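I have placed the structure first, in the form of structure tokens, so that the comments after it can refer back to it.
The values are calculated or read from the model by the stated rules, or taken from the named source; none is laboratory data. Small disclaimer: the values here were computed from a predicted structure and weren't measured. Neighbour counts are summed over all protein chains in view; Cβ atoms, including those assigned to glycine, are modelled from backbone coordinates with ideal geometry. Just so you know, the surface numbers come from the protein's heavy atoms only, side chains and all, with ligands and any DNA or RNA stripped out. Shrake-Rupley method; radii C 1.70, N 1.55, O 1.52, S 1.80 Å.
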Amino acid sequence: MDESARHQTMNLFRLTDQTLKRAIGRKVADTGVFRSQHRLLMFLGKHPDCSQSVIAEKLEISPAAVAVSLKKLEKAGYISRQSNVEDNRINHIVVTDKGKAAISQSIIYFQEIEEAMFEGFTMEELELLEEHGIPFEIVPGVTSPLAVPAYNGIPVTHRDYCSSVHIITG
């Protein structure tokens with residue numbers, strides 16, 4: 001891959017990442033939990049007896065970020081901390097009913113976003129994803145570069161800004 005193609009590919013990765021973050025942010029805005037906190041809350045739902053250091057390691061975020069997020073989630077009533085009966089220095093993080101409801105809604109939201117992101121991939125593209133161990137689901141519809149922005153209310157073309165769109169594949 002030449003330098004220009006590598007640069008274009010990296011820009012597409014960045015654009016995809018930004019679009020995904022915006023899509024998640026818009027989708028979860030009504031839940032009262034920030035985008036990054038949804039990931040933590042969902043992790044806690046699957047791994048209820050994790051220490052903060054294990055959470056930081058598994059989610060690849062700093063222990064300080066975990067502490068801040070847990071404090072916000074606790075203040076909002078999504079989790080509670082309970083002291084260990086045998087050792088008061090150990091706190092167990094418990095997902096509350098409010099937290100469980102947010103997790104259930106998050107799962108639905110993330111599935112919808114993932115479906116929109118993979119719409120329109122060709123079988124060849126899906127086979128490449130499978131070869132690289134990336135899970136996917138086939139959902140018939142429009143191409144993914146159109147689906148994600150459209151899913152989030154962003155027109156790909158607009159008479160006042162951009163009258164056409166070009167999708168270049170390899």
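Figures for the structure shown
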quantity: Matching entry among Leu70, Leu44 (being open to solvent by less than 90 Å² (accessible area, probe 1.4 Å), within 25 Å of Glu114 (Cβ to Cβ), touching a residue at least 12 places away in the same chain (Cβ under 8 Å) and not small (Gly, Ala, Ser)); calculated: Leu44
quantity: So Phe34, is it touching a Lys or Arg at 6+ places or on another chain (Cβ under 9 Å), open to solvent by less than 90 Å² (accessible area, probe 1.4 Å) and not acidic (Asp, Glu); calculated: no
